[in-house]
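I have placed the structure first, in the form of C-alpha cells, so that the comments after it can refer back to it.
Values in this text are rule-based calculations from the coordinates and carry no lab data. Owing to the predicted nature of the structure, the values given are computational and were not obtained by experimental measurement. Every residue, glycine as well, gets a Cβ built from its backbone with ideal geometry; the counts of neighbours run over all protein chains shown.
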Amino acid sequence: MASTESSPFKKIQIQRDDTTFDAYVVGKEDAPGIVVIQEWWGVDYEIKNHAVKISQLGSGFKALIPDLYRGKVGLDVAEAQHLMDGLDWQGAVKDIAASVNWLKANGSKKAGVTGFCMGGALSIASSVLVQEVDASVAFYGVPASQLADPAQAKAPVQAHFGELDNFVGFSDVTAAKALEEKLKASGIPHEVHIYPGNAHAFMNRSTEGIQRRKNMGMPDEDEAAVQLAWSRFETWMTRYLSS
C-alpha cells in the first residue's frame with residue numbers, strides 16, 4: 001500500500017454540506033456498497049487492508065473509506081487518542097451519510113456501514129442516525145449514549161467483540177451484552193458475537209498490526225476467529241445488501 005502506483009484504491013472527493021472530504025474506493029462499480037470506517041489511528045494500512053478484503057468477499061462489494069481525520073494519522077497510542085478525542089462525532093456521522101449517498105448515486109443499489117474500534121461505534125450510530133443505511137456490522141465499539149441509542153436502530157446490526165477486550169464501557173463484554181439488550185429493544189434484526197480468548201482489535205492481521213497490538217499488551221492471535229467473523233460479516237451483508 002506504500003506506493004500509489006500499486007494501490008487498488010481510487011481517491012475521490014465527496015461533498016457534504018459546505019465542505020468536501022477525501023475518500024478511497026475499491027471494488028466493482030455496480031456492487032453493493034459498504035462504507036468502511038477507520039479505527040482511532042485514521043486511514044492507515046490496516047483499514048485499507050480491511051477494505052480490500054471486503055471488496056473481495058463473496059461476489060464482491062464496493063468498499064469506501066471516508067477520511068474522517070482529514071488526512072491525519074496517529075502513529076502511536078497517544079496521537080491516536082488525541083485524534084479521536086478531537087473528532088466531531090456528529091460531523092463524522094454526516095461524513096458517513098454523505099458516503100452512503102455517494103455509493104447509492106454511483107452504482108450501488110444498497111449500501112451498508114462497517115467499522116472497527118472507533119469505527120465500530122460509528123457503524124452502530126449510523127444504523128440509528130442515517131436512514132439510508134441498509135445494514136451495519138460493528139467490530140468492537142459501542143457509541144456513547146449522547147451520540148446514539150442503539151435501542152433506536154433502524155437498520156439490521158451485527159456486532160463482534162473479543163472476550164478479553166478491556167476497553168471498559170466501550171467494547172468489553174459488559175458493553176457488548178448491554179448493546180445486545182438495546183438491540184433487542186429496537187426490534188431490528190441483530191446478532192452480537194463474542195469471541196473467546198480474543199482481545200480488542202483481533203481482526204488486525206497484518207504483520208505491522210500484529211506487532212502494534214503486541215506493543216499494546218494484546219498478544220492473542222486467532223486466525224480461526226478472524227475467518228469466522230469475516231464469514232458472518234459476508235453472510236450478513238449479502239443478506240441485507242443484495243437487491
Does region 186-196 include one or more residues that are of a type in the set (S, T, N, Q) and over 20 Å from K53 (Cα atoms)? yes
The number of residues in region 68-123 that are of a type in the set (D, E, K, R) and under 20 Å from R213 (Cβ atoms) is 2
Selection from region 213-238 of residues touching a residue at least 24 places away in the same chain (Cβ under 8 Å) and not in a loop (DSSP other than H, G, I, E, B) yields A225, V226, L228, A229, W230, R232, F233, E234, W236, M237, T238
So how many residues does region 185-211 have that are in a helix (DSSP H, G or I) and either closer than 24 Å to S126 by Cα or free of Cβ contacts under 8 Å to residues at least 60 places away in the same chain (or both)? 5
Would you check if P143 is surrounded by 18 or more Cβ atoms within 10 Å (Cβ to Cβ), touching a strand residue (DSSP E or B) at 6+ places or on another chain (Cβ under 9 Å), within 29 Å of R212 (Cα to Cα) and of a type outside the set (D, E)? no
Residues being free of Cβ contacts under 8 Å to residues at least 60 places away in the same chain, surrounded by 18 or more Cβ atoms within 10 Å (Cβ to Cβ) and either in a loop (DSSP other than H, G, I, E, B) or within 12 Å of the chain's Cα centre (by Cα) (or both) - total across region 17-60: 7
Quick test for you: out of Q158, Q152, Q227, Q211, pick the one residue that is of a type in the set (S, T, N, Q) and within 24 Å of L87 (Cα to Cα). Q152
Of these, I47, I54, I96, which one is under 23 Å from L179 (Cα atoms), β-branched (V, I, T) and touching a helix residue (DSSP H, G or I) at 6+ places or on another chain (Cβ under 9 Å)? I96
From A135, A155, which residue is surrounded by fewer than 24 Cβ atoms within 10 Å (Cβ to Cβ) and within 16 Å of the chain's Cα centre (by Cα)? A155
Residues that are touching a Lys or Arg at 6+ places or on another chain (Cβ under 6 Å), at least 2 per element: which helices (runs of 4 or more DSSP H) completely within region 70-153 meet that? 89-105
